[in-house]
Amino acid sequence: MSTLKKRIRIAASPLAVHRALTDPAALQVWLTEHAEVNLPDRYQFWGRFTPDGEGPNQRLLHVDDSSLRFDWQLDGVTTTVDIGLAAESGPGGDSGSTLLTLTQTEVTGWPELLTDTSNRSLMHTYWALALANLADYAEGREPIARCDFTSPVLRGEILIDADRLAVYASLTEPEQFSRWFGAKVDAELYPGGRWAMGGFEANTEPAHIVDIQPGRSMSVDWGDMVESWELADSAGHTRLTYVQSGFDETRPPYAGWLGALGGLAELRRYHENKNWRTMWVEVRLEGIPEGLLTIN
C-alpha cells in the first residue's frame with residue numbers, strides 16, 4: 001500500500017475553500033449525495049457518488065481554519081485523509097488564491113491499481129475529479145460531473161465556451177492534450193492508429209482508434225472498453241458528449257471514468273480561462289513511470 005498526494009491551486013480564498021469543504025450543503029453540490037457535518041465532532045459523507053457509500057464510513061480526527069483530517073474506512077481498511085489549506089503568496093502567486101494539499105494513506109499504488117478493483121484503487125482518480133469539482137465550486141462555476149457508483153451507464157455532456165474546431169484540436173493533438181490532461185500521449189490520427197498514454201516507446205500495448213471524424217468525433221478501443229466523444233455546435237459554445245461503453249457491466253471501469261471526467265474539467269478551464277495555467281501543482285503516485293505525468 002502507498003500514500004497519494006495531490007496539490008491544487010484554487011482561485012478563491014482559504015476561507016471560501018474551507019467553507020466549501022465543511023458546509024454540508026456545499027458538499028452535496030460538488031462531492032456527495034448525503035453529508036452530515038457537525039464540527040468539531042462529525043464529518044461524514046455517503047450515497048451514490050461515494051465509493052462504498054451505502055453509509056457513512058468517516059471519523060473526524062481534527063479540524064481548524066486551515067486543515068481537515070479524517071479516517072475513512074474503505075474495503076475494511078482504515079485510510080487517513082489529510083487536507084491542508086494555505087494562502088498562495090510569493091513571486092507569481094495569485095492574489096486570493098489557495099494551495100490545497102491532500103494526502104491519503106493505505107491506498108493502492110502503481111502498477112497494482114491498473115488491475116485492482118478495490119475501492120482504495122479508485123482514490124487517485126476519485127480525488128482528481130473531486131478536487132476539480134471543489135475548485136469549480138469555490139471559483140463560482142458549476143462542477144462538471146460526479147460519478148454514480150450505483151450505475152453502469154457512463155455518459156456525460158459538457159458545455160465549453162469555445163469554438164468546436166479548437167476543442168477538437170485540444171482533444172487530438174498530442175502536445176495540446178498533454179498540456180491540459182497532465183499525461184504524455186502519442187497518437188496516430190486515423191482508423192486503426194495507435195493512441196498511447198505514456199508515448200509509443202513506453203506503452204507496448206496502446207489503445208487503437210476505431211473511428212475518427214475530423215472536427216467532430218473519435219472512438220478509441222482500450223481492449224476492455226471503448227471511449228467515445230462527439231462535438232456539436234451549441235449557441236456559440238461546443239457541446240461535448242463523452243461515453244464509455246463495451247465493458248463488463250458488473251464491473252464498470254469507474255477509475256478510468258473518474259480520471260476522464262477530472263481531465264475534462266481541466267479541458268473546460270483550458271479553453272475558458274484567458275490566462276490558463278493548470279490548476280494542478282503536484283500529483284504524486286508512488287511507482288508511476290517517469291515521464292508519464294506532465295504536471296509536476
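Values quoted throughout were computed directly from the atomic coordinates according to the rules given, and no laboratory measurement underlies them. The model shown is predicted, which means the values in this text are computed figures rather than measured ones. As a convention, Cβ positions derive from the backbone with ideal geometry for all residues, glycine included, and neighbour counts pool all protein chains shown.
Report the percentage of all Cα-Cα pairs in the stretch 2-149 whose separation exceeds 29 Å, rounded to a whole percent. Considering the stretch 2-149, 12 percent of its Cα-Cα pairs are separated by more than 29 Å.
Highest mean packing comes first when the peptides 14-20, 51-57 are listed by Cβ atoms within 10 Å, giving 14-20, 51-57. Here's the picture: charge each Lys and Arg Cβ at +1 and each Asp and Glu Cβ at -1 in the stretch 161-296, and of Asn275, Gln176, Leu258 the one pushed furthest to the positive end of that dipole is Asn275. For the stretch 2-149, a crude dipole built from +1 on the beta carbon of Lys and Arg and -1 on the beta carbon of Asp and Glu, taken about the Cα centre, is about 240 debye to the nearest 20. The dipole here belongs to the chain: it is taken about the Cα centre, uses +1 on the Cβ of Lys and Arg and -1 on the Cβ of Asp and Glu, and is about 600 debye. With both labels modelled 7 Å from their Cα along Cα-to-Cβ, the Glu286 to Glu157 distance reads 4.4 nm. Farthest toward the positive end of the dipole of the chain, out of Val167, Thr294, Ala87, is the Cα of Ala87, where the dipole comes from beta carbon charges about the Cα centre. Stretching Leu165 away from Asp116 to a fully extended chain increases their span by 13.9 nm, per 0.36 nm per residue minus the current alpha-carbon distance. Summarising the label geometry, the points placed 7 Å from Cα in the beta-carbon direction at Thr204 and Ala232 lie 4.3 nm from one another. Modelled this way, with points 7 Å down the Cα-to-C-beta line, the labels at Gln213 and Ser67 are 5.3 nm from one another.
The translational diffusion coefficient of the stretch 79-138, from Stokes-Einstein at 20 °C and 1.002 mPa s with a Kirkwood hydrodynamic radius over alpha carbon pairs, comes to 160 µm²/s. Extension gain for the segment Met1 to Thr241, taken as residue separation times 0.36 nm less the Cα-Cα distance, is 82.8 nm to one decimal. Suppose R0 equals 41 Å; then what is the FRET efficiency for Trp276 and Ala25 from their Cβ-Cβ distance, rounded to the nearest 0.05? Efficiency at R0 = 41 Å is approximately 0.90.
Short to long, the 10 Å bins of the Cα pair-distance histogram for the chain hold 6, 27, 37, 23, 7, 0 percent of all pairs.
Provide the convex hull volume over Cα atoms per residue for the stretch 154-251, in Å³. About 100 Å³ per residue, rounded to a whole number.
Distance between the C-alpha centres of the stretch 142-218 and the stretch 24-72: 32 Å, rounded to the whole angstrom. Residues considered: Asn119, Asn133, Asn38. Largest GNM mean-square fluctuation over the chain, using C-alpha springs under 10 Å, is found at Asn38.
Annotation: for a label point projected 7 angstrom from Cα along Cα→Cβ of Ser13, residues of the stretch 122-136 with backbone N closer than 20 Å are 134-136.
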